[in-house]
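Chemist: Provided herewith is a single structure, encoded as structure tokens, for subsequent inquiry.
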């Protein structure tokens, strides 16, 4: 659910998403974890730099699992080729929210789609440029936020998000409304998130992570704060399954799919709080599919 507490430091200047990949310093003051309300502006201000810091480690650790042009919906390893929740993407205009290094968009483009990536982190988009060059499959990408999409209305046939921006947004109703705005009538919206029931448990892949320690209905955001400066350095927001149903319906979506992947028998990978120990007993991921019916 959350990134492990570790020494971090903010980059001194914004990262150029179209610049070269260079090593950045990732040592710095310790953060403390707490639960409290956080605004959309503070969430955005914290999470962009946090993903800039974490991008190198993330891509080095998880890149081989994700694939250079692969579409993985979550730590269980379920792929879009397995699920087909987007439908046929050939010839369609597709937008990926919170795209990271655009691995999923790159997969879409190998299937005849016209995908565009979008991420708040310039560092992640630098890694996307690197994969463009390595694979020869180029994904146009922009640096932006899900609450203010830099696209005209009715621009896309499909919008999707694989464990990306949605969990880091405070004003989620506005973000989903923005998705509806840029989708064409009848367009498809699909996304994966940490399964909401996981919010009750510690983010621990071992047996301790199976002991409920917090109310499922407590929607207070998880926040990491820089001990030295008092600045918010990471935020993650929680919604219940019922919240997601209401948010999607309120934006004119009809939910067609809710997939809760079971842990594969031969899957031993540990990814943060996701593990075989927990995954055999309780879902770690929720995948939604919905069609835009009206505005």
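The values are calculated or read from the model by the stated rules, or taken from the named source; none is laboratory data. Everything quoted here is computed from the prediction, not taken from an experiment. In this analysis, Cβ positions are derived from the backbone assuming ideal geometry, glycine residues included, and neighbour counts consider all displayed protein chains.
Chemist: Pull up the range 210-225, narrow it to residues that are under 22 Å from the mean Cα position of the chain (by Cα) and touching a residue at least 60 places away in the same chain (Cβ under 8 Å), then point me to the one that is farthest from residue 176 (Cα to Cα).
Modeler: Step by step, filter the range 210-225, then rank; the result is 225.
Chemist: Among the numbered conditions (1) touching a residue at least 24 places away in the same chain (Cβ under 8 Å); (2) closer than 21 Å to residue 177 by Cβ, tell me where residue 245 comes up short.
Modeler: In the conditions (1) touching a residue at least 24 places away in the same chain (Cβ under 8 Å); (2) closer than 21 Å to residue 177 by Cβ, residue 245 misses (1) alone.
Let's see how each residue does on (1) within 21 Å of residue 165 (Cβ to Cβ); (2) within 17 Å of the chain's Cα centre (by Cα); (3) surrounded by fewer than 15 Cβ atoms within 10 Å (Cβ to Cβ); (4) at pLDDT below 95:
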site	(1), (2), (3), (4)
227	no, no, yes, yes
230	no, no, yes, yes
238	yes, yes, no, no
255	yes, no, yes, no
277	no, no, no, no
289	yes, yes, no, no
294	no, no, yes, yes
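Chemist: Sticking with this structure for a sec: What's the number of the condition residue 174 fails, among (1) surrounded by 22 or more Cβ atoms within 10 Å (Cβ to Cβ); (2) farther than 30 Å from residue 281 by Cβ?
Modeler: Every listed condition holds for residue 174 apart from (1).
Chemist: Assuming residue 234 fulfils every condition listed in (1) surrounded by 16 or more Cβ atoms within 10 Å (Cβ to Cβ); (2) in contact with a helix residue (DSSP H, G or I) (Cβ under 8 Å, 6 or more places away or on another chain); (3) modelled with pLDDT of 95 or more apart from one, which condition is it?
Modeler: All conditions pass for residue 234, except number (3).
Chemist: When you scan the range 158-176, do you find a residue that is farther than 15 Å from residue 119 by Cβ, assigned to a strand (DSSP E or B) and within 16 Å of the chain's Cα centre (by Cα), even just one?
Modeler: Taking every residue of the range 158-176 in turn, none turns out to be farther than 15 Å from residue 119 by Cβ, assigned to a strand (DSSP E or B) and within 16 Å of the chain's Cα centre (by Cα).
Chemist: To continue, here is another question. Looking at the range 187-198, is at least one residue outside any loop (DSSP other than H, G, I, E, B), over 30 Å from residue 269 (Cβ atoms) and without any contact (Cβ under 8 Å) to a residue 24 or more places away in the chain?
Modeler: no
Rundown of residues vs (1) outside any strand (DSSP E or B); (2) under 14 Å from residue 139 (Cβ atoms), yes/no style:
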position	(1), (2)
50	yes, no
53	yes, no
64	yes, no
81	yes, no
100	yes, yes
109	yes, yes
115	no, yes
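Each row is one residue, and each column tells you yes or no for (1) within 27 Å of residue 258 (Cβ to Cβ); (2) in contact with a strand residue (DSSP E or B) (Cβ under 8 Å, 6 or more places away or on another chain); (3) surrounded by 17 or more Cβ atoms within 10 Å (Cβ to Cβ); (4) modelled with pLDDT of 95 or more.
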{"site": "131", "(1), (2), (3), (4)": "no, no, yes, yes"}
{"site": "136", "(1), (2), (3), (4)": "no, no, no, yes"}
{"site": "140", "(1), (2), (3), (4)": "no, yes, no, yes"}
{"site": "146", "(1), (2), (3), (4)": "yes, yes, yes, yes"}
{"site": "162", "(1), (2), (3), (4)": "yes, yes, yes, yes"}
{"site": "166", "(1), (2), (3), (4)": "yes, yes, yes, yes"}
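Chemist: Same structure again: Residue 114 passes all but one of (1) touching a residue at least 24 places away in the same chain (Cβ under 8 Å); (2) touching a strand residue (DSSP E or B) at 6+ places or on another chain (Cβ under 6 Å); (3) surrounded by fewer than 22 Cβ atoms within 10 Å (Cβ to Cβ); which number fails?
Modeler: The single condition residue 114 does not satisfy is (1).
Chemist: Of the residues 154, 132, which single one is part of a helix (DSSP H, G or I) and in contact with a helix residue (DSSP H, G or I) (Cβ under 9 Å, 6 or more places away or on another chain)?
Modeler: None of the others qualify; the one that does is 132.
Chemist: Where residues in the range 117-129 are in a helix (DSSP H, G or I) and touching a strand residue (DSSP E or B) at 6+ places or on another chain (Cβ under 7 Å), which of them is surrounded by the fewest Cβ atoms within 10 Å (Cβ to Cβ)?
Modeler: The selected residue is 122.
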